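**Student:** Following this message is one structure expressed as structure tokens.
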Amino acid sequence: MKIKKGYILRTVADTHIVVPVAERVAEFKGMMLLNDISAAIWKQMQEDRTYEQLLEFILESYDIDRETAEYDLNILIHHMKINGVLDD
């Protein structure tokens, strides 16, 4: 999984915001706000990562059990797909 070109993450006043640039501005409707963990995962997804690599990153970086990490990662990926920010 990888973030499509044309989307960047900006942090403004401790708020992580996904911002479309160039041609993505016309197709991206709305806004994505990310919490700290989601922003860290976003940064990992700047390079192509497998689901398992992302899960391992979460488990190594945060004090969280595998079941909760999988649940939260699945929700984040679902929202990224809905917003069209993931490469196919």
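**Student:** Using alpha-carbon pairs under 8 Å, 6+ residues apart, how would you state the relative contact order of the chain in percent?
**Tutor:** 35
**Student:** If you add up the charges near L54, with Lys and Arg at +1 and Asp and Glu at -1, over every other residue whose beta carbon is less than 15 angstrom from its beta carbon, what do you get?
**Tutor:** -3
**Student:** Could you tell me how many degrees, from 0 to 90 and to the nearest 10, lie between the Cα long axis of helix 51-61 and the main elongation axis, the longest principal axis, of the Cα atoms of the chain?
**Tutor:** 70
**Student:** Find how many whole Å separate the alpha carbon centroid of the stretch 54-88 from the alpha carbon centroid of the stretch 1-26.
**Tutor:** 18
**Student:** Sticking with this one: Using every Cα-Cα pair within the stretch 7-82, state what percent have a distance larger than 15 Å.
**Tutor:** The share of Cα pairs beyond 15 Å in the stretch 7-82 comes to 58 percent.
**Student:** Counting each DSSP H run of 4 or more residues in the chain as -39500 (n - 2.57), what helix-only mean residue ellipticity at 222 nm follows after dividing by all residues, to the nearest 500 deg cm²/dmol?
**Tutor:** Helix contribution divided over all residues of the chain: -14000 deg cm²/dmol.
**Student:** Give me the extension gain from L86 to Q53: residue separation times 0.36 nm, minus the current Cα-Cα distance, reported in nm with one decimal.
**Tutor:** Contour length minus the Cα-Cα distance gives 10.3 nm.
**Student:** Just to confirm the number: angle between the C-alpha axis of helix 66-82 and the first principal axis of the chain, 0 to 90 degrees, nearest 10?
**Tutor:** 10
Rule-based calculations on the coordinates, nothing more; no lab input. Since the structure is predicted, the reported quantities are computational estimates derived from the model, not experimental observations. Please note: Cβ atoms are built from the backbone with ideal geometry, for glycine as well, and neighbour counts cover all protein chains shown.
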